[in-house]
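> The following block contains the structure, expressed as structure tokens.
The values are calculated or read from the model by the stated rules, or taken from the named source; none is laboratory data. None of the values given here were measured: they were computed from a predicted structure. Because the Cβ atoms are built from the backbone with ideal geometry, glycine has one as well, and the counts that use them run over all protein chains shown.
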Amino acid sequence: MLFAHDTEVTLAAMAGLVNTGASVPDGLSTVAELTAFARHWQWSGIGRLTGADVAAVAELRTVAASFWVLPEDEAATLVNRLLAEAGALPRLVKHDDWDYHLHAVPDSSPLAKRMAVEFAMAMADVVRTKQLHRLRACAAPDCADVYVDLSRNSSRRFCSTGCGNRANVAAYRARQR
């Protein structure tokens, strides 16, 4: 196990959020899309979302995407800034089907603020364990998605098996020519 389960889920959700901006049209431009995204990743206390929540999460997406390109010191600075701006105060919680894990802002906080803090706390683990190299862009030439490589030997190259299969078929066909 590289990271705690909640950290791994948060990192995957972070990649998922970044990837919503890679699609055309934008995959997170309506309240319905944000609600579906939040439910898919099991964010607690979603409540009634608005267009302002969509805009705030879209802004967070840009910040989250920067983690895929920042060097360690800048990533640490961004983690600290996100936690400070939110006034994060970590506490252990247990809810729904989740065992104990960390929340650092009240459940009544806006979704974007809770997401930012969860991402920052997950990235704190990534930075302090020297695992930034696990944040990767898909190696498929026709894919702009990002992912978190949680494989044991850090050898994953594609965001999904679909991208890997397409790249392997293309390479096979090129060899056959």
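> With (1) over 27 Å from VAL31 (Cβ atoms); (2) surrounded by 11 or more Cβ atoms within 10 Å (Cβ to Cβ); (3) not polar (S, T, N, Q) as the list, and CYS159 as the residue in question, which single condition is left unmet?
(1)
> Would you say ALA137 is out of contact with any Cys (no Cβ under 6 Å at 6 or more places or on another chain), under 23 Å from HIS5 (Cβ atoms) and in contact (Cβ under 8 Å) with a residue 40 or more places away in the chain?
Numbers: out of contact with any Cys (no Cβ under 6 Å at 6 or more places or on another chain): yes; under 23 Å from HIS5 (Cβ atoms): no; in contact (Cβ under 8 Å) with a residue 40 or more places away in the chain: yes.
No; evaluated as a whole, the condition is false for this residue.
> Now a separate question. Of THR77, THR62, which residue is under 28 Å from SER154 (Cβ atoms), of a type in the set (S, T, N, Q) and over 13 Å from the mean Cα position of the chain (by Cα)? Outline the logic, then answer.
Working: THR62 fails: over 13 Å from the mean Cα position of the chain (by Cα).
The unique qualifying residue is THR77.
> Test each condition in (1) surrounded by 13 or more Cβ atoms within 10 Å (Cβ to Cβ); (2) over 29 Å from SER23 (Cβ atoms); (3) modelled with pLDDT under 90 for TRP98 and report the one that comes out false.
So the condition that TRP98 fails would be (2).
> So which residues in region 10-35 are within 16 Å of the chain's Cα centre (by Cα), of a type in the set (A, V, I, L, M, F, W, C) and at pLDDT below 95, if there are any at all?
ALA22, LEU28
> While we're on this one: Scan region 48-93 residue by residue and report those that are over 24 Å from GLN131 (Cα atoms) and touching a residue at least 60 places away in the same chain (Cβ under 8 Å).
Once the filter is applied, which keeps residues that are over 24 Å from GLN131 (Cα atoms) and touching a residue at least 60 places away in the same chain (Cβ under 8 Å), region 48-93 yields only LEU49.
> Within region 104-126, does at least one residue satisfy the condition of being in contact with a helix residue (DSSP H, G or I) (Cβ under 9 Å, 6 or more places away or on another chain), without any contact (Cβ under 8 Å) to a residue 12 or more places away in the chain and not aromatic (Phe, Trp, Tyr)?
Of region 104-126, the ones in contact with a helix residue (DSSP H, G or I) (Cβ under 9 Å, 6 or more places away or on another chain) are 104-107, 109-126.
From the residues that got through so far, the ones that are without any contact (Cβ under 8 Å) to a residue 12 or more places away in the chain too are 106.
Right, trim to not aromatic (Phe, Trp, Tyr) and you get 106.
Taking every residue of region 104-126 in turn, at least one turns out to be in contact with a helix residue (DSSP H, G or I) (Cβ under 9 Å, 6 or more places away or on another chain), without any contact (Cβ under 8 Å) to a residue 12 or more places away in the chain and not aromatic (Phe, Trp, Tyr).
> OK, next. If TYR100 satisfies all but one of (1) out of contact with any strand residue (DSSP E or B) (no Cβ under 6 Å at 6 or more places or on another chain); (2) free of Cβ contacts under 8 Å to residues at least 60 places away in the same chain; (3) not charged (D, E, K, R), what's the number of the condition it fails?
Evaluating TYR100 over (1) out of contact with any strand residue (DSSP E or B) (no Cβ under 6 Å at 6 or more places or on another chain); (2) free of Cβ contacts under 8 Å to residues at least 60 places away in the same chain; (3) not charged (D, E, K, R) leaves (1) as the failure.
> Right, next: In the set THR62, THR77, THR50, THR10, which member is under 15 Å from MET121 (Cα atoms), exposed (fewer than 14 other Cβ atoms within 10 Å of the Cβ) and of a type in the set (Val, Ile, Thr)?
One residue alone meets the criteria, THR77.
> Tell me, which residue of region 11-68 that is polar (S, T, N, Q) and not in a helix (DSSP H, G or I) is farthest from ALA104 (Cα to Cα)? Don't jump to the end; show me each part of the working.
The first filter runs over region 11-68 and keeps only residues polar (S, T, N, Q), leaving 19-20, 23, 29-30, 35, 42, 44, 50, 62, 66.
Of the ones still in play, those that are also not in a helix (DSSP H, G or I) are 23, 29-30, 42, 44, 50.
On the way: SER23: 31, SER29: 27, THR30: 27, GLN42: 16, SER44: 13, THR50: 23 Å.
Selected residue: SER23.
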